[in-house]
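Shown next, in structure tokens, is the structure this report addresses.
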Amino acid sequence: ARMYAPTVETAFCAEIVALTYESMGLLPTRRPNWYDPGRFWSGDELQLLGGARLGEEITVRVP
């Protein structure tokens with residue numbers, strides 16, 4: 001049987017954000033699918049490591 005190999009193209013946005021935060025040392029290392037949209041999303045009050053905190057959202061306008 002062929003093993004499923006997740007890719008960036010098949011990942012949830014929350015998984016990509018969480019893996020990025022992990023790489024930056026802001027979140028503990030977990031299985032990527034722990035960060036599914038039902039458990040983790042950008043509006044959560046994340047407890048980041050090392051006393052880090054997120055700033056306000058920035059509005060981006062595309063002409």
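A few notes on this one:
- The listed residues are E56, E15, and the only one of them that is open to solvent by less than 60 Å² (accessible area, probe 1.4 Å), of a type in the set (D, E, K, R) and modelled with pLDDT of 70 or more turns out to be E15.
- Residue list for region 21-34, restricted to those being open to solvent by less than 70 Å² (accessible area, probe 1.4 Å) and either within 16 Å of L54 (Cβ to Cβ) or not in a helix (DSSP H, G or I) (or both): Y21, E22, G25, L26, L27, P28
The values are calculated or read from the model by the stated rules, or taken from the named source; none is laboratory data. Not measured: the values here are computed from a predicted model. Cβ coordinates were reconstructed from backbone atoms using ideal geometry, including for glycine residues, and neighbour counts include every protein chain displayed. These accessible areas exclude ligands, DNA and RNA; they are computed on the full protein's heavy atoms, side chains included. Shrake-Rupley method; radii C 1.70, N 1.55, O 1.52, S 1.80 Å.
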